[in-house]
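Working notes for the structure below.
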Amino acid sequence: MIDKLHVLNVIDQTLYGSDKYLVDLKISTDNRINVAIDGDNGITIDDCIELSRAIENSLNRDEEDFELNVASAGLDSPLKLKRQYRKNVGQDLTVTTFDGETVEGTLIDADDEKITLKLPGRKNMKAEPLQIAHADIKTAKIVIKF
């Protein structure tokens, strides 16, 4: 089986010093490697190709065969890292907490402890911003509008 620590080290070395960062790494028992990356200024196909080549060149197909997929964390993927929240200030989010509450609002602030959402107000009433601790967030997704 492919060594996850080895792949993590290659990813860290390749992304070091850039605004790119690892969001998720999964290696299945049949050596399917799935890497999701993001960047403070977005991800390009060239970023994915560069990381894919670095990982592939560090592994030996003669010893173990593998399948490798490197992609950007998609818009429909849940936010996982505090850094992703900061990047997405201004976006509309749907947030579900561990106690089952679901709220939708505009992300107006994000720090290391919490996020702040501006909730839609009712007619003639302004809703107070809602703060949610990162520890209380089960899932958070960007609302895609067309």
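Check whether at least one residue in region 103-125 is under 19 Å from the mean Cα position of the chain (by Cα), of a type in the set (Ser, Thr, Tyr) and within 13 Å of Leu79 (Cα to Cα), and report yes or no.
No: zero hits.
In region 88-106, which residue that is assigned to a loop (DSSP other than H, G, I, E, B) and touching a residue at least 24 places away in the same chain (Cβ under 8 Å) is surrounded by the most Cβ atoms within 10 Å (Cβ to Cβ)?
Filtering region 88-106 for residues that are assigned to a loop (DSSP other than H, G, I, E, B) and touching a residue at least 24 places away in the same chain (Cβ under 8 Å), the one surrounded by the most Cβ atoms within 10 Å (Cβ to Cβ) comes out as Asn88.
Please tell me if Ser58 is under 30 Å from Leu119 (Cβ atoms) and touching a helix residue (DSSP H, G or I) at 6+ places or on another chain (Cβ under 7 Å).
no
Residue pairs, Cβ under 7 Å, 6 or more apart or interchain, first in region 107-120 and in contact (Cβ under 8 Å) with a residue 12 or more places away in the chain, second of a type in the set (A, V, I, L, M) and surrounded by fewer than 13 Cβ atoms within 10 Å (Cβ to Cβ). List them.
Glu113/Ala133; Lys114/Ala133; Leu119/Ala127; Pro120/Ala127
Mind checking which residues of region 53-80 are charged (D, E, K, R) and over 12 Å from Asn31 (Cβ atoms)?
Arg53, Glu56, Asp62, Asp76, Lys80
Answer yes or no as to whether Phe66 is under 30 Å from Leu130 (Cα atoms), over 13 Å from the mean Cα position of the chain (by Cα) and either in the same structural domain as His134 (by TED's automatic domain parsing) or at pLDDT 95 or above (or both).
No; evaluated as a whole, the condition is false for this residue.
Report every pair of residues separated by at least 6 positions or lying on different chains whose Cβ atoms are under 8 Å apart, first residue within region 1-27 and in contact (Cβ under 8 Å) with a residue 60 or more places away in the chain, second among the hydroxyl-bearing types (Ser, Thr, Tyr).
Met1/Thr29; Val23/Ser77
Determine whether Ile43 is touching a strand residue (DSSP E or B) at 6+ places or on another chain (Cβ under 6 Å) and either surrounded by 15 or more Cβ atoms within 10 Å (Cβ to Cβ) or of a type in the set (A, V, I, L, M, F, W, C) (or both).
Judged against the criteria, Ile43 is a match.
Criterion first (out of contact with any helix residue (DSSP H, G or I) (no Cβ under 9 Å at 6 or more places or on another chain), closer than 18 Å to Ala73 by Cα, at pLDDT 95 or above and among the aliphatic types (A, V, I, L, M)) does Val89 satisfy it?
In short, yes.
Of everything in region 126-136, what is under 19 Å from the mean Cα position of the chain (by Cα) and surrounded by 13 or more Cβ atoms within 10 Å (Cβ to Cβ)? Give them in sequence order.
Once the filter is applied, which keeps residues that are under 19 Å from the mean Cα position of the chain (by Cα) and surrounded by 13 or more Cβ atoms within 10 Å (Cβ to Cβ), region 126-136 yields Ile132, His134, Asp136.
Out of Thr106, Thr102, Thr96, which single residue is of a type outside the set (D, E, K, R), in contact with a strand residue (DSSP E or B) (Cβ under 6 Å, 6 or more places away or on another chain), modelled with pLDDT of 95 or more and within 30 Å of Ile33 (Cα to Cα)?
So the residue among Thr106, Thr102, Thr96 that is of a type outside the set (D, E, K, R), in contact with a strand residue (DSSP E or B) (Cβ under 6 Å, 6 or more places away or on another chain), modelled with pLDDT of 95 or more and within 30 Å of Ile33 (Cα to Cα) is Thr96.
The values are calculated or read from the model by the stated rules, or taken from the named source; none is laboratory data. All of these numbers come straight from a predicted model, not from anything done at the bench. For neighbour counting, all protein chains shown are included, and Cβ atoms are generated from backbone atoms with ideal geometry for every residue, glycine included.
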